[in-house]
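The values are calculated or read from the model by the stated rules, or taken from the named source; none is laboratory data. What you see is a predicted model; the values in this text were computed from it and never measured. In this analysis, Cβ positions are derived from the backbone assuming ideal geometry, glycine residues included, and neighbour counts consider all displayed protein chains. The protein model used for the area step is the full one, side chains on, heavy atoms only, and it has no ligands, DNA or RNA in it. Shrake-Rupley method; radii C 1.70, N 1.55, O 1.52, S 1.80 Å.
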Amino acid sequence: MGNYRNFSLATYFIAQGTARTTQAELEKDIAFFARHLRLDKVYVEPFRGGLLASSEQIEMVKACFAAQGIATEGGLTPTIHNEPSGKPKQRMYDTFCYTDETMLAVLREAVARIAKHFDSFIIDDFFFTNCTCATCRGARDTFNSAQGVTDGSWEAFRMDLMRGVSIDVLKTARQVNPGIQVVIKYPNWMESFQETGYNPAEQKQLFDGVYTGTETRDPIHTDQHLPRYLSYSLMRHFEAMCPGKNGGGWFDPYDCLTLNHYLEQAYLTAFSKPKELMMFCFQSLVDTVNIPALGFMLDRLDETLDHLGDCVAIPCYIPDNSQGEDNLHDFLGMAGLPVATTPYFPEHAPVMLLTRSSAKDPAIVEKLEPYVAAGGKAIVTSGFLEETLERGMKRLTSARIRGRKIMADAFAVEGDRPQQMTYWRSPRPIAFPLVEFRNNASWALAKAVVDEENYAILLRDTYGDGAVITLAVPDMYADIRQLPAAVLTRLRKECSVNGIYLEGGPEIGLFVYDNDTVLLYPFVGRDAQREEILLHVCGAKALRQAGSDGVIEPLYARGEEVVFALDTRPGVWQVYKIVRYVEEK
């Protein structure tokens, strides 16, 4: 693929550098990167924040990289600090007002400049609008009135507006360079796309490719509320949405309070099997410890990817332009469930996950009922159930949600035989929606115990040849990591992939591949520590650690289910090959 066997490596050179760097400065900075890693490509940006680099500067920057054997493509960040019309407007992040013709003229000039110097360019993830000026409000009201939208919302108007702007940008670029390829990079806040005008369902048809934002940064001190597992799951979402058109994953060093948080973004992006890893940005990374550390780990990632087949995961159905139980699938991924989202109903998957977002599909119950009846298993959240009970889900379960809540720190988990329970405690009480159900019509696999009563946390309903498993989701999704390991393990067992699931504490990622390979990655957190976990694998005879000739014998077997004891350390991934038969000596 380039300087690495399994991916190409790119970085992004922002407009402030393009406009102002000197040849001597740039050559010095390129040498820093070259000492630690092997760049294949640089995206050179001529425009950002209203600053437009000259043609001479663009060509000088391109020539410097070309002299080192590094390919260049263009980049565009549609932000503008100044007001071309002279009338200030409130806009977060200096995004464009796309009803302002003076701003649109600036954007067209920037696009034309880029198309003159490059045969392809990527649009950074500021290609959205949050403007609420008088012109935008008037255009929204006119659009909503014509479309019958009566709630005053922005979503439909902004998606329609940005569709027109997308067409305008592409037309402008192709007038200058008819063969140019234009890629749109999507940010990491998928559940909010529609509110600001992003619409991948339509834009994927317009643009020549997509790119994925996998930057999660520090989850505690930033406003975006992004579990780190997103660096994997969002890549898989766009792989499912646009097979072959997802250019790669893009991560950055901002708000990463530890080096581990920065590196984990690269690890998780790589685990998703991308075409390209993008380091944003050149100017923020030069002369930092991030580059030598990342360069060291890239060689290890490349070696790891030699052993991995295609990703296999539980599909979580997130329809286009939907919102609800935001990022819940990523919190579950952090807890050891191999989950990946998809914008398409996964009718052929043996097991699927449905959240409140899934209920955005008006036909979801009509799709779900025959799937389960034919033998599929659906893990549905309490949020999904609440949204769909009056839309037909009462046919599939006796569970009901009536607005009551519980607080619990004691739990009971069903063992190998029905009514054989074990009892566990969480570090502190956890709030759940109360899921009522009818005795002997549904069956609780895990329960919260409060005084002399218990309440379903994991509930099973059979339907036809399949099953519906209802998960009562904690009110605060991060409390999933507070659940006792036995509760998590019971959930993981229901969500096994190819008969594989792990037994142990939270924040250990499980990644499964179609060549009988498993990757374990314990996340680095405040409470992370070395831990022995149990890996359950149906039909295995042994495990072999990648790169090793020796085998790991099972701890015990229970029928077809074989259990292995494995040591894990935070921040260190391990790859295991499943041995299905052992050759006789």
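The angle between the Cα long axis of helix 23-36 and the main principal axis of the chain comes to about 20°, on a 0 to 90 degree scale. Each 10 Å bin from 0 upward holds the following percent of the Cα-Cα pairs of the chain: 3, 16, 25, 25, 17, 10, 3, 0, 0. Under the shape rule built on the C-alpha gyration tensor, where the axes satisfy a ≥ b ≥ c, the stretch 143-283 is oblate, since a/c reaches at least 1.5 while a/b does not exceed b/c. Which percent of the accessible area of the stretch 1-100 is formed by carbon and sulfur heavy atoms (probe 1.4 angstrom)? For the stretch 1-100, the apolar C and S fraction of the accessible surface comes to 50 percent. Using a probe radius of 1.4 angstrom, the carbon and sulfur fraction of the accessible surface of the stretch 199-251 is 47%.
Taking the centroid of alpha carbons for each part, the stretch 127-158 and the stretch 542-569 are 57 Å apart. When the Cα positions of 47, 60, 545 are compared along the charge dipole of the chain, 47 comes out farthest toward the positive end, with charges on each C-beta of Lys, Arg, Asp and Glu.
Other residues with beta-carbon under 14 Å from the beta-carbon of residue 334 carry, at +1 per Lys or Arg and -1 per Asp or Glu, a net charge of -1.
From its DSSP helices (H runs of at least four residues, each -39,500 (n - 2.57)), the chain gives a residue-normalised ellipticity at 222 nm of -9000 deg cm²/dmol. Between residue 168 and residue 465, the simple spin-label model (points 7 angstrom out along Cα→Cβ) gives 5.4 nm. Counting only alpha carbon atoms, the long axis of helix 55-67 and the longest principal axis of the chain meet at about 60°.
Take every pair of alpha-carbon atoms less than 8 Å apart whose residues are at least six positions apart; their mean separation over the length of the chain yields a relative contact order of 10 percent. Counting Cα-Cα pairs of the stretch 96-142 in 10 Å increments starting at 0 gives whole-percent bin shares of 23, 43, 25, 9.
Skip the ligands, DNA and RNA, and give the accessible area per residue of the stretch 2-124 with a 1.4 Å probe, whole Å². I get 41 Å² per residue for this part. Rounded to the nearest 20 debye, the dipole magnitude of the chain is 340 debye, with +1 charges on Lys and Arg beta carbons, -1 on Asp and Glu beta carbons, and the Cα centre as origin. Across the stretch 256-396, the fraction of Cα-Cα pairs farther apart than 18 Å, rounded to a whole number, is 64%.
For residue 12, the residues 5 or more places off, or on other chains, whose built amide H falls under 5 Å of its own are 43, 279, 282. For the pair the stretch 269-335 and the stretch 386-431, the centres of their Cα atoms are 33 angstrom apart. Cross-link reach is defined here as a Cα-Cα straight distance under 21 Å, omitting same-chain residues fewer than 8 places apart; for residue 275 the lysines meeting it are 41, 185, 204, 245. Between the helical axis of 290-305 and the longest alpha-carbon principal axis of the chain there is an angle of about 50 degrees.
Computed from phi, the 3J(HN,Hα) profile of the stretch 229-237 under the Karplus parametrisation 6.51, -1.76, 1.60 (θ = phi - 60°) reads 4, 4, 4, 8, 5, 5, 4, 5, 4 Hz, with x in place of Gly and Pro.
Computed from point charges on the beta carbon alone (+1 for Lys and Arg, -1 for Asp and Glu), the dipole magnitude for the stretch 493-565 about its Cα centre is near 60 Debye.
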